[in-house]
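A short worksheet on the structure shown next.
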Amino acid sequence: MPAKGQELHGPGLTLKILELEPGLLAMEAAYQGEARMPSQHYHPSQAERFTVLAGRMHTVIAGDERIYAEGDSFEVPVAAPHQMGPHDGPSRVRWEVRPALRTAEFFERLYSGQADENFLNEFSEEIRFN
C-alpha cells in the first residue's frame, strides 16, 4: 500500500507522495530531461492541479498546447484529455489529484512491474486512455 513519504520510480520520473488522504493525493514529481509525455489520457472523476517548482512543463490539455515555467500553476479539469512532460530539460512539479481515489496505488503497481492484463480495467475510475 502506498504511504506518505514513499518514492515511486518510473521511466524518467520520480514521484514522492507528500499527502495521501481520501480527498487529496499530493505528490512532487521530478522529471528527468529525457522523460517523455505519456499517451493522451483522462481522469473520469478527478481534477488535477500542478505547480511548476523548477524547469518548464510542456502540456496539451483539451487540445490547448502550452509551456509553463517555474512558479506557474495549471489545472486539468475532470475528464479533460491531456498529456504533459518536461520541456527542454529536467523539471519538478507539485501535483495534486482530487479526490485521491486509488491513484497512488496505480503508480505503485505500474512502477513496480505489477501491472497485468487487467490493470487498466481495475483502475478505470482513475485513468482511461484515449
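Quick note: the coordinates plus some simple rules give every number you see, no bench work behind them. Source: prediction; values computed, not measured. Please note: Cβ atoms are built from the backbone with ideal geometry, for glycine as well, and neighbour counts cover all protein chains shown.
Cβ under 12 Å from Gly55's Cβ, Gly55 left aside: what net charge do those residues give with Lys, Arg +1 and Asp, Glu -1? Write out the running numbers ahead of the final one.
Values: positive: Arg56, Arg92; negative: Glu70, Asp72, Asp88.
Around Gly55, the surrounding residues sum to -1.
Output needed for region 15-83: three equivalent-ellipsoid semi-axes, defined as square roots of 5 times the C-alpha gyration tensor eigenvalues, in descending order, whole Å. Spell out each step's value before the answer.
Details: eigenvalues 66, 58, 27 Å².
Largest first, region 15-83 gives 18, 17, 12 Å.
Counting Lys and Arg as +1 and Asp and Glu as -1, what is the net charge of the other residues whose Cβ lies under 13 Å from the Cβ of Met1? If you can, show how the numbers build up before the last one.
Values: positive: Lys4, Arg102, Arg109; negative: Glu105, Glu108.
The answer is +1.
Running Debye on the chain with equal point scatterers at the Cα sites and no solvent, what base-10 log of I(q)/I(0) appears at q = 0.09, 0.22 Å⁻¹?
-0.23, -1.59
Subtracting the Cα-Cα distance from 0.36 nm times the residue separation, let me have the gained length for Glu75 to Leu24 in nm, one decimal.
Details: separation 51, 0.36 × 51 = 18.36 nm, distance 1.45 nm.
Net length gain for the segment: 16.9 nm.
Run the simple label-point estimate for Gln114 and Leu53 please: 7 Å along Cα→C-beta, distance reported in nm.
Spacing of the two 7 Å Cα→Cβ label points: 2.5 nm.
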